[in-house]
Amino acid sequence: MEERKKIIDMKGIVKKFFIGTPNELAALGGVDITVYEGEFVAIVGASGSGKSTLMNIIGSLDRPTEGTYFLDGINVTESKDDELSKIRNRKVGFVFQTYNLIAKTNALKNVEMPMLYAGMGRSNRAARAAELLDIVGMGERMKHLPEELSGGQKQRVAIARAMANDPAIILADEPTGALDSQTGRLVMDIFHKLHKEQGKTIVLITHSPELAEECERIITLKDGLVVGERQGSGAPSLADSKEEVSAS
Amino acid sequence: MTMFFENVRLAFTSLLANKMRALLTMLGIIIGISSVIAIMTVGNSLTIQVTDSMSTMGANNINVFLQAKETETEKTEEGYVFESAGSGQVMVQDSDLISDEMIKTLCETYPEDIYAIAASKSVGSGQILDGKKYANVSLSGVSMGQFVADNVKLEAGRFFYESEMDKGLMLGLISDKAVNNLYAGDTEAALGDTVNVYIGDKFYQVTIVGVYKYERNAMMFSLTSDKDLSTNMYIPLRASKELTHSDGYASFTIVTASGVDSDKFAQKVESFFASYYRTNRNFEVSAFSLASVVETMSTMMGSITKAIAIVAGIALLVGGIGVMNIMLVSITERTREIGTRKALGAPNSSIRMQFIVEAVVICIVGGIIGIIIGVTAGILLANALGTPAVPSVFSIILSLSFSMAIGVFFGYYPANKAAKMDPIEALRYE
């Protein structure tokens, strides 16, 4: 196997809460995870397994108590708050379960937002946002407000937003959790498409074994520790899914 | 900069999303700003009017006039109040009047300070009659200094010659208004014409040598039409003395030389006359400068303005607290949005700026509404008072910057709170 670039390089990550108090709690008890460029990895685990804490650390929303974490070669462990904002802005694309689009702001402006914080010029922003919305099949509804979109449409806008600054990693936290299985399927197909066609590195956090099965690699978390790591069955046939996306 | 405009756009979006709430929030600011502007507008018009009247009357003038001495009252044991002897309705005797000699001595005592003496002697009010045409005039003899003191501007003809003044010829200056009434505005016809002036049961023949421009006294509000307007008809002082058979003056005006503190000089004049009137039982001489009157008025205006400013300041303070309160509510409501923005890479400074801009926009919009209401109210008030409305540009700029400052000041705390939110907590907020 050839040497591939490490996007996520975690060693001995420990996250404790209430440090120094009697009810000190270790959410993560020493996690080693490596994700290579272009991989589609699922992190699964029951609630309370430390999934969310791990996701926050991967997304550099939070710093670990112990251990080292390099995201696309940047030492997150030693970064200050504003540096973390910059890392989130350039290196991470978040997709949330609840979409988290900014209310009263149309799809285009929502997708533009990370580029705005990156300091990109107005016309460049609009052009790129339109392009991204086209990719996720929302090109027709760029001027719609989040209130006017269905759940699946909102999530597609959110995916377009996650790709705005061409991040090193797309971090999807239960992206289909609030959707019915049909639209959920559609969203998953978009992830597969991005992975296959654009070579995006995607980390999918889920509690659903079926969704995890679609990924290339599955990391299982239990009680704050990695308890299993195996190959997934990979993506399903892309030919059908492409049809579905463009048809919607 | 892009960020800034984006923030302004965002601020308006959230403002429009909660119109009623925004309006209520702005109310304090609107009330504060509009009251300041309204008062400033009215105050400004009044001040300008006072200044105007000052220039028509002459700021350097000192009025010197006879005044009845304060009546001394005596109280009996039973509590009855008696007015002491020599008071009550006392007629001015010729001997009480200010004489030419006194004025001459005054001029010799203070030659440096006095530019001119304006003495006048009123003959009475009456009418110039010419067939059916008439003009109301008050006939008064004047010294040349009176023209300076009254700021009389000649429109046609001439003033009196020195020799005419000395001889006391029956020559006169009338106003352009009187010319309008008598000669249908033809000044050429007026000049050289001899008119009959009827005062009481007497009439005097006066030859017109000049026409002056009538200026409305800004301090007096007159509803009289131009036709019935009574204007001054000036004749040489000497002539009026002969007509009235009296030599002294009940009042005169000193035009001070430039650079003289007319307030201080008025006191000197008073003490000068005190030596003459110490023995007079009924009268004394008072002198006051118009500048001091104007000063008193502006001091009064100033304290009214200050009082209003304090009230408005309290309204603005309350308004500012209202803005802070609403910003805190808004931030709590938008916790998830803040979390999302942070996840998308917004630095703390950018979140802080977003909410400060929002508070400032609320305050400035409130300020602008306040200015519009204030200017309108000020104009209406000024019209009601019959003065020209002069919106104060200074106060408008001041209130705008002040409301901006309120926005920054009261927006900072909530904005900082938003900026310091933990993104994880904020994203999880329900």
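Observations, loosely collected:
- Residue within the stretch A:158-174 that is over 15 Å from the mean Cα position of the chain (by Cα), at negative phi and at pLDDT below 95 present: no
- When residues of the stretch A:69-89 are limited to those that are of a type in the set (D, E, K, R), over 20 Å from A:K16 (Cα atoms) and within 13 Å of chain B (Cβ to nearest Cβ), the one least open to solvent (accessible area, probe 1.4 Å): A:R88
- Among the numbered conditions (1) in a helix (DSSP H, G or I); (2) at pLDDT below 95, the only one that A:L179 does not meet is (1).
- A:T77 meets each of the listed conditions (1) free of Cβ contacts under 8 Å to residues at least 40 places away in the same chain; (2) on the phi < 0 side of the Ramachandran plot; (3) touching a Leu at 6+ places or on another chain (Cβ under 8 Å) apart from (3).
- Of the residues making up the stretch B:249-272, those that are open to solvent by less than 10 Å² (accessible area, probe 1.4 Å), touching an Asp or Glu at 6+ places or on another chain (Cβ under 9 Å) and under 30 Å from B:V197 (Cβ atoms) are B:Y249, B:I254.
- Identification of helices (runs of 4 or more DSSP H) wholly contained in the stretch B:240-347 with 2 or more residues that are of a type in the set (D, E, K, R) and either within 28 Å of B:I33 (Cα to Cα) or within 14 Å of chain A (Cβ to nearest Cβ) (or both) yields B:290-333, B:335-343.
- Being modelled with pLDDT under 85, touching a Lys or Arg at 6+ places or on another chain (Cβ under 7 Å) and not assigned by TED's automatic domain parsing to the domain that holds B:L380 holds for only one residue in B:V90, B:V81, and it is B:V81.
- When the residues of the stretch B:373-430 are filtered to those that are in a loop (DSSP other than H, G, I, E, B) and within 14 Å of chain A (Cβ to nearest Cβ), the one that is most open to solvent (accessible area, probe 1.4 Å) is B:E430.
- The stretch B:8-28, subset within 10 Å of chain A (Cβ to nearest Cβ) and touching a residue at least 12 places away in the same chain (Cβ under 8 Å), residue surrounded by the fewest Cβ atoms within 10 Å (Cβ to Cβ): B:L10
- Among the residues making up the stretch A:95-121, those that are within 10 Å of chain B (Cβ to nearest Cβ), farther than 15 Å from B:L10 by Cβ and open to solvent by 40 Å² or more (accessible area, probe 1.4 Å) are A:T98, A:G119, A:M120.
- When A:D173, A:D166 are checked against the criterion of being among the charged types (D, E, K, R) and buried (at least 16 other Cβ atoms within 10 Å of the Cβ), a single residue qualifies: A:D173.
- Single residue of the stretch A:44-68 satisfying the filter (more than 10 Å from chain B (Cβ to nearest Cβ), in a loop (DSSP other than H, G, I, E, B) and not hydrophobic (A, V, I, L, M, F, W, C)) that is most open to solvent (accessible area, probe 1.4 Å): A:S47
- Filter pass, A:N56 being at pLDDT 90 or above and closer than 23 Å to A:I218 by Cβ: yes
- The lone criterion from (1) open to solvent by 40 Å² or more (accessible area, probe 1.4 Å); (2) modelled with pLDDT of 65 or more; (3) farther than 30 Å from B:A307 by Cα left unmet by B:K75 is number (2).
- Residues considered: A:V35, A:V41, A:V92, A:V31. Of these, the only one that is under 28 Å from A:H195 (Cα atoms), within 14 Å of chain B (Cβ to nearest Cβ) and among the β-branched types (V, I, T) is A:V92.
- Considering residues of the stretch A:122-134 that are open to solvent by 10 Å² or more (accessible area, probe 1.4 Å) and in contact with a helix residue (DSSP H, G or I) (Cβ under 7 Å, 6 or more places away or on another chain) only, the residue farthest from the other protein chains (Cβ to nearest Cβ): A:A130
- With respect to (1) among the hydrophobic types (A, V, I, L, M, F, W, C); (2) without any contact (Cβ under 8 Å) to a residue 24 or more places away in the chain; (3) open to solvent by 50 Å² or more (accessible area, probe 1.4 Å), the lone exception for B:A346 is condition (3).
- Considered as a group, the residues in the stretch B:273-292 that are open to solvent by less than 50 Å² (accessible area, probe 1.4 Å) and without any contact (Cβ under 8 Å) to a residue 12 or more places away in the chain include one that is farthest from the chain's Cα centre (by Cα), and that residue is B:Y277.
The values are calculated or read from the model by the stated rules, or taken from the named source; none is laboratory data. Keep in mind it's a predicted model, so treat the numbers as computed, not measured. Ideal geometry is used to build each Cβ from the backbone, glycine not excepted, and the neighbour counts take in all protein chains shown. Just so you know, the surface numbers come from the protein's heavy atoms only, side chains and all, with ligands and any DNA or RNA stripped out. Shrake-Rupley method; radii C 1.70, N 1.55, O 1.52, S 1.80 Å.
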